[in-house]
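S.K.: Please see the structure below; I have some questions.
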Protein chains: 4
Amino acid sequence: MDHVQEMIRTHPMRTKTFDEHALVACVTACHECAASCTTCADACLSERSLQELVSCIRLNLDCADVCEVTGRLLGRVSAASLDVTRAQLMACREACQACATECERHAGHHEHCRVCAEACRSCADACDRMLA
Amino acid sequence: MDHVQEMIRTHPMRTKTFDEHALVACVTACHECAASCTTCADACLSERSLQELVSCIRLNLDCADVCEVTGRLLGRVSAASLDVTRAQLMACREACQACATECERHAGHHEHCRVCAEACRSCADACDRMLA
Amino acid sequence: MDHVQEMIRTHPMRTKTFDEHALVACVTACHECAASCTTCADACLSERSLQELVSCIRLNLDCADVCEVTGRLLGRVSAASLDVTRAQLMACREACQACATECERHAGHHEHCRVCAEACRSCADACDRMLA
Amino acid sequence: MDHVQEMIRTHPMRTKTFDEHALVACVTACHECAASCTTCADACLSERSLQELVSCIRLNLDCADVCEVTGRLLGRVSAASLDVTRAQLMACREACQACATECERHAGHHEHCRVCAEACRSCADACDRMLA
């Protein structure tokens, strides 16, 4: 996501609230995790063991939605309300942790769940650094 | 949003976690607030006093995104993770309160801000009842 | 969605491109359909006959996304680019028709599919009137 | 977006409809463009010449929404309905072209508009290759 980094660096209001490097990393992680969860849900729907993957699909869908919107809020570098940003980061960390834990249960059987769990853990960590 | 109510009532897993009436009200309020904030941002961009409305536009955009995703999570009646749902409801209440407060500052001059503030307050209240 | 109607009516740029009544109806239909499809996907994931509902879930997810974004574009009353709005309306009509057709196949067995098909047909019709 | 590539490669239904390389490129371009447009809108809201950037902000917001949802549809590798995917790709190409043209008008004065125009052109091209 090279354009994302350039966009954040050329924003007229440099981020004062957050470390710029951490912000770029978190916006990128949110979009990567959203995209990964969207694909993982569809991949799970293609598996024969579909019935065992219902919780995984549901958490994938929630996590994709929450990450996408968190990436949007952070991508608005001006951060209109820090309270809103922080609350959304907390929801995102929660969603990523829940989805990672579920995906990890299926990581031995499904490569897409293994990769998706990685994307979720990376995003949870990136949110964590923003909240620190 | 009559279809929303019917959809939630015909879901095979009746909501155990939340009161069904409060759930329908909150899903509806989230989608109404998201739509109101999207229109308010565009309306503000049409005003001559645009410069004074920059914070309002930013909060409108954030609030639209946060409400939309909260409405989605709640609309998945099964509620895959209660922790995620609750964290997202808290972010939504925060976004609605911030946006309502800003819109109310412009309510005397701009009808769209007055109506949007109402939609935000209703949604904040609906989230509050879900979190109670 | 009373707030939506009020928001569109109080927008400083009254819609010149579209009939105002048709616009309010279409924005509302898009959000109703998006919410219905989100709930229908989750409801389908709760059914025992899950395996037969995979296509339905996939079309529900696509249709929810497409309707939501179409509702957003239309809710920006100023309509920055009529070509973009029209192309998005065509995608929305396509998504609603595809999802309605699939939901109707399951309407006899699942009430949520029957209601969702109605929401999809209403939205396809509303898009159609906007494109006329 | 390395995870996106891995996710698409580990999906049990390898894409038959689209060239896999083109699909990965287009999903990535959609998410990059969505994120770029979201930041560009906020950056424009921070500029002194805000009044001249109103159309740019509006097209940024529309383009961000359309790209995001197109990225989601394509990320569901199974492609439930090819007609819907194609219609959405056409809307996305239209949105990217409109936004790129407007951003290019401001590229001499605002670095963020220059970078955003690049992201829009890349995404329009990626959609074009998918539609070919």
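The values are calculated or read from the model by the stated rules, or taken from the named source; none is laboratory data. Being a predicted model, the structure only gives us computed values, none of them experimental. Every residue, glycine as well, gets a Cβ built from its backbone with ideal geometry; the counts of neighbours run over all protein chains shown. Accessible surface is based on the protein model in full, side chains and every heavy atom, while ligands, DNA and RNA are left aside. Shrake-Rupley method; radii C 1.70, N 1.55, O 1.52, S 1.80 Å.
S.K.: Express in whole angstrom the spacing between the alpha-carbon centres of the range A:22-87 and the range B:49-108.
M.R.: Taking the Cα centre of each part, the range A:22-87 and the range B:49-108 sit 17 Å apart.
S.K.: Right, here's the next one. Test of understanding: in a Gaussian network model of chain A with alpha carbons linked when under 10 Å, which of A:Val66, A:Val54, A:Val77 would top the mean-square fluctuation ranking?
M.R.: Judging by the Gaussian network model, the answer is A:Val54.
S.K.: Here's another thing I want to ask about it. Taking the Cβ of D:Ala117 as the center, what net charge do the other residues with Cβ under 14 Å away carry, scoring Lys and Arg +1 and Asp and Glu -1? If you can, show how the numbers build up before the last one.
M.R.: Values: positive: D:Arg105, D:Arg114, D:Arg121; negative: A:Glu6, D:Glu32, D:Glu102, D:Glu104, D:Glu111, D:Glu118, D:Asp125.
Local charge sum for D:Ala117: -4.
S.K.: Follow-up question, since we're still on this one. Where the convex hull is taken over the Cα atoms of the range A:20-131, what is its projected area averaged over directions, in nm²? Mind dumping the intermediate values first?
M.R.: On the way: hull surface 23.9 nm².
Result: 6.0 nm².
S.K.: Here is a follow-up. Which FRET efficiency value, to the nearest 0.05, do you get for C:Ala22 and C:Ala107 by plugging their Cβ-Cβ distance into 1/(1 + (r/R0)^6) with R0 = 25 Å? Numbers along the way, then the final one.
M.R.: Details: r = 27 Å, r/R0 = 1.09.
About 0.35, to the nearest 0.05.
S.K.: Taking only the alpha-carbon atoms of the range C:6-85, what semi-axes of the equivalent ellipsoid follow from 5 times the gyration tensor eigenvalues under a square root, in whole Å, largest first?
M.R.: Numbers: eigenvalues 214, 28, 12 Å².
For the range C:6-85, the ellipsoid semi-axes come out as 33, 12, 8 Å.
S.K.: Please work out which residue of chain C brings its Cβ closest to the axis of the rotation superposing C onto B, and round that distance to whole Å.
M.R.: Its Cβ sits closest to the axis: C:His31, 2.
S.K.: Follow-up question, since we're still on this one. Counting only C-alpha contacts under 8 Å and six or more residues apart, can you give the relative contact order of the range C:20-131 as a whole percent?
M.R.: 35
S.K.: Here's a follow-up. Show me you know the interface measure: the accessible area buried between C and B, both chains summed, probe 1.4 Å, in Å² to the nearest 100.
M.R.: Details: alone 7560 and 7550 Å², together 11750 Å².
Roughly 3400 Å² of accessible surface disappears when C and B pair.
S.K.: Relative to the longest principal Cα axis of chain D, at what angle does helix D:54-75 sit, 0 to 90 degrees, rounded to 10?
M.R.: 10
S.K.: Go from 0 up to the bin containing the longest alpha carbon distance in the protein assembly as shown, width 10 Å each, and give me the % of pairs per bin.
M.R.: 4, 22, 34, 29, 10, 1, 0
S.K.: In addition: When chain D is modelled as a GNM with alpha-carbon springs shorter than 10 Å, which of D:Asp42, D:Asp62, D:Asp83 fluctuates the most?
M.R.: D:Asp83
S.K.: Which positions within the range A:69-91 get 30 Å² or more of their accessible surface covered by the other protein chains, compared to the chain by itself, with a 1.4 angstrom probe?
M.R.: Buried on complex formation: A:Val69, A:Arg72, A:Leu73, A:Gly75, A:Arg76, A:Ser78, A:Ala80, A:Val84, A:Ala87, A:Gln88, A:Ala91.
S.K.: What does the charge count around C:Cys96 come to, taking other residues whose C-beta lies under 10 Å from its C-beta (Lys +1, Arg +1, Asp -1, Glu -1)? Walk me through the intermediate numbers first.
M.R.: Values: positive: C:Arg93, C:Arg121; negative: C:Glu94, C:Asp125, C:Asp128.
Local charge sum for C:Cys96: -1.
S.K.: Helix D:111-131 against the longest principal axis of chain D: what's the angle in degrees, Cα atoms only, rounded to the nearest 10?
M.R.: Tilt of helix D:111-131: around 30 degrees.
S.K.: Take the solvent-accessible surface of the protein heavy atoms, probe 1.4 Å, and return the percent of it on the protein assembly as shown that carbon and sulfur atoms account for.
M.R.: Working: 8000 of 18060 Å².
Using a 1.4 Å probe with all protein chains present, the protein assembly as shown comes out at 44 percent carbon and sulfur.
S.K.: Let me ask you something else. Select from the range C:35-64 all residues whose loss of accessible area on going from the chain by itself to the full protein assembly reaches 40 Å² or more (probe 1.4 Å).
M.R.: C:Ala35, C:Thr38, C:Thr39, C:Asp42, C:Leu45, C:Ser46, C:Leu50, C:Gln51, C:Arg58, C:Leu61, C:Asp62
S.K.: Okay, next question. Measuring label to label, 7 Å along Cα→Cβ, what does C:Gly108 give against each other copy in nm, shortest first?
M.R.: 4.3, 6.5, 6.8
S.K.: Compute the FRET efficiency between B:Arg9 and D:Arg86 as 1/(1 + (r/R0)^6), taking r as their Cβ-Cβ distance and R0 = 45 Å, and round to the nearest 0.05.
M.R.: Details: r = 36 Å, r/R0 = 0.79.
Efficiency computed from Cβ-Cβ geometry: 0.80.
S.K.: Each residue of the range A:97-106 in order: what ³J(HN,Hα) in whole Hz does its phi give by Karplus 6.51 cos²θ - 1.76 cosθ + 1.60, θ = phi - 60°, with x for Gly and Pro?
M.R.: Result, rounded to whole Hz: 5, 4, 5, 4, 4, 5, 4, 4, 4, 10.
S.K.: Charges at C-beta only: +1 for Lys and Arg, -1 for Asp and Glu. How large is the resulting dipole of chain B about its Cα centre, in Debye rounded to 20? Mind dumping the intermediate values first?
M.R.: Details: 13 positive and 19 negative charges, 77 e Å.
So the dipole magnitude of chain B works out to roughly 360 debye.
S.K.: How much accessible area per residue does the protein assembly as shown have, in Å², with a 1.4 Å probe?
M.R.: Solvent-accessible surface per residue comes out at 34 Å².
S.K.: Shifting gears a bit: With chain B treated as a Gaussian network of Cα nodes joined by springs under 10 Å, which of B:Arg14, B:Arg93, B:Arg48 yields the largest mean-square fluctuation?
M.R.: Taking springs between Cα atoms under 10 Å, the residue moving most is B:Arg48.
S.K.: Mind pulling the angle between the C-alpha long axis of helix B:20-45 and the longest principal axis of chain B? Nearest 10 degrees, somewhere in 0 to 90.
M.R.: Helix B:20-45 sits at roughly 20 degrees to that axis.
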